[in-house]
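All remarks here apply to the structure that follows.
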Amino acid sequence: MEPNRVRVGPELSSLRCSDKWRALFHQLLNHLPVCNEDFSNTTSLLTARGVSGVEELRNFATLILDSVTRQGKGLIVTDLGWPTHDPDVCGQFLLFLTSMIAEPTSHVGNSYRPLWDIRPRDVMSSPDYLPTYSEHSLPAPLHTDNQFATQPEDLLLLYVVRPANCGGGRNRLLSMRALEEEIRIDEKAQAMLDILTHSSVPFRVPTVFASASGNLGPHQVQWGHVISRCPRIRYRLDTIRAGLALHPAMGNERLLAALSNFADCAEHSANIFEAALPQDSLCIINNHCVLHGRTGFTDRSRHLLRARARLRRVVTLHPEAAGLTLCCS
């Protein structure tokens, strides 16, 4: 039986795992590398060993890839059947599936760390410390991931080990295509998009990533355009503001107003999808054209696993996605 696919919005699809797919994952349990090892050749090795189910899961991965890239959407996969009581095993499954879809990347520069825990932790309360959203339980405004990289990854994958039980921690998604359609109705808003397209802004690297990479200074920034052809959107307001604080000469009045207006348009868009993702669900996001965020929460046991990935080839989006093309490594 094929998974039951339910369309939940114009820019988002939902896919419920069938018993067949869950059984295939469990067949692989004793054959996968441990977390943080290289999964790039795992499918070839499993096939060579005669492990069954690899090709079927490759079809599952192709279905995910098509939805997120060619159709330019976000995708939620529920009821995967992964053992949420054991986050390490969930991490193995997440990296295996990610490696079948694309090329997992490391979260830090000086070691291979393809998985990142998203859960509240104690961070330095220094005015010089720039936290990242994965470190705290406050609301996370809409943004794209790793916007401070030279080339942000194409895909973002979020697996829910444990959702918040306080009613908070609701995930939010907004397609840049839908937001642009809203904005273009207003001439002043269109002028804002033009400013963000033609202005290069500094994105400051959050302290935890700068420190973990070792070779980055405490005030490392990456310059880029908020709106471009590829990625279509590169955005996180707090890292831009922190970057501009280090380069105040770049923060002219028109740019600051455009950034503020864009944030207001995004956060109040009528096209935001918001939901509390259930336990054992996976959200795959096209990081080049979909913004994501979350509401605040008080349940500090909330735990998600994150993987990022680059596509292995150039993939042209579905025509409905306004003719955008993903740039791939």
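Of the residues in segment 148-170, how many are polar (S, T, N, Q) and at pLDDT 95 or above?
Adding up the residues that qualify gives 1.
In segment 274-309, what residues are outside any strand (DSSP E or B), surrounded by fewer than 21 Cβ atoms within 10 Å (Cβ to Cβ) and touching a Leu at 6+ places or on another chain (Cβ under 7 Å)?
Selection gives GLY296 alone.
Of all residues in segment 64-108 being of a type in the set (Ser, Thr, Tyr) and under 20 Å from the mean Cα position of the chain (by Cα), which is nearest to VAL290 (Cα to Cα)?
THR69
Would you point out which residue out of TYR129, TYR112 is farther than 26 Å from TRP223 by Cβ and of a type in the set (Phe, Trp, Tyr)?
TYR112
Just one of ASP88, ASP128, ASP66 is acidic (Asp, Glu), touching a residue at least 24 places away in the same chain (Cβ under 8 Å), surrounded by fewer than 17 Cβ atoms within 10 Å (Cβ to Cβ) and outside any loop (DSSP other than H, G, I, E, B); which is it?
ASP88
Considering each of MET176, MET192 in turn, give the residue that is within 19 Å of LEU255 (Cα to Cα), surrounded by 17 or more Cβ atoms within 10 Å (Cβ to Cβ) and not acidic (Asp, Glu).
None of the others qualify; the one that does is MET192.
Are any residues in segment 137-151 within 21 Å of GLY296 (Cα to Cα) and surrounded by 16 or more Cβ atoms within 10 Å (Cβ to Cβ), and if so, which ones?
Within segment 137-151, SER137, PRO139, ALA140, PRO141, LEU142, HIS143, THR144, ASP145, ASN146 qualify.
Looking at (1) in a loop (DSSP other than H, G, I, E, B); (2) surrounded by fewer than 20 Cβ atoms within 10 Å (Cβ to Cβ); (3) out of contact with any Cys (no Cβ under 8 Å at 6 or more places or on another chain), find the lone condition where CYS230 falls short.
With respect to (1) in a loop (DSSP other than H, G, I, E, B); (2) surrounded by fewer than 20 Cβ atoms within 10 Å (Cβ to Cβ); (3) out of contact with any Cys (no Cβ under 8 Å at 6 or more places or on another chain), CYS230 is out only on (3).
Of the numbered conditions (1) over 17 Å from the mean Cα position of the chain (by Cα); (2) among the acidic types (Asp, Glu); (3) more than 28 Å from HIS225 (Cβ to Cβ), ASP117 fails exactly one; give the number of that condition.
Condition not satisfied by ASP117: (1).
Please go through segment 97-106 and pick out each residue that is surrounded by 23 or more Cβ atoms within 10 Å (Cβ to Cβ) and either modelled with pLDDT under 90 or outside any loop (DSSP other than H, G, I, E, B) (or both).
LEU97, THR98, ILE101, PRO104
Cβ contacts < 6 Å: first residue within 15 Å of VAL290 (Cα to Cα), restricted to segment 257-276; second residue modelled with pLDDT of 95 or more and part of a loop (DSSP other than H, G, I, E, B), any location; separation 6+ or different chain. Result?
If the second residue must be modelled with pLDDT of 95 or more and part of a loop (DSSP other than H, G, I, E, B), the pairs left are GLU274/ARG170.
Restricting attention to segment 43-63, and to residues there that are β-branched (Val, Ile, Thr) and either under 26 Å from the mean Cα position of the chain (by Cα) or in a helix (DSSP H, G or I) (or both), which single residue is farthest from PRO278 (Cα to Cα)?
Top of the filtered list is THR47.
Quick one: what pairs do we get from segment 140-159, first residue under 16 Å from LEU75 (Cα atoms), second of a type in the set (Phe, Trp, Tyr) and crowded, with 23+ Cβ neighbours inside 10 Å, C-beta under 6 Å, 6+ apart or different chains?
Listed by first residue and then by second, the contacts come to THR144/TYR235.
Given ASN252, ASN286, which one is farther than 24 Å from TYR129 by Cβ and touching a strand residue (DSSP E or B) at 6+ places or on another chain (Cβ under 7 Å)?
ASN286
In segment 248-264, how many are surrounded by 14 or more Cβ atoms within 10 Å (Cβ to Cβ) and in a loop (DSSP other than H, G, I, E, B)?
Total meeting the criteria: 1.
Among the residues of segment 265-273, is any buried (at least 21 other Cβ atoms within 10 Å of the Cβ), part of a loop (DSSP other than H, G, I, E, B), at negative phi and under 18 Å from the mean Cα position of the chain (by Cα)?
no
Looking only at segment 173-187, which residues are closer than 19 Å to THR69 by Cβ and basic (Lys, Arg)?
ARG177, the sole residue that qualifies.
Looking at GLU267, GLU274, GLU253, which one is at pLDDT 90 or above and in contact with a Lys or Arg (Cβ under 7 Å, 6 or more places away or on another chain)?
Matching residue, one of GLU267, GLU274, GLU253: GLU274.
With respect to ALA275, determine if the residue is closer than 26 Å to SER14 by Cα and of a type in the set (A, V, I, L, M).
yes
The values are calculated or read from the model by the stated rules, or taken from the named source; none is laboratory data. Please read all numbers here as calculations on a predicted model, not as lab measurements. Virtual Cβ from ideal backbone geometry, glycine too; neighbours counted across all protein chains shown.
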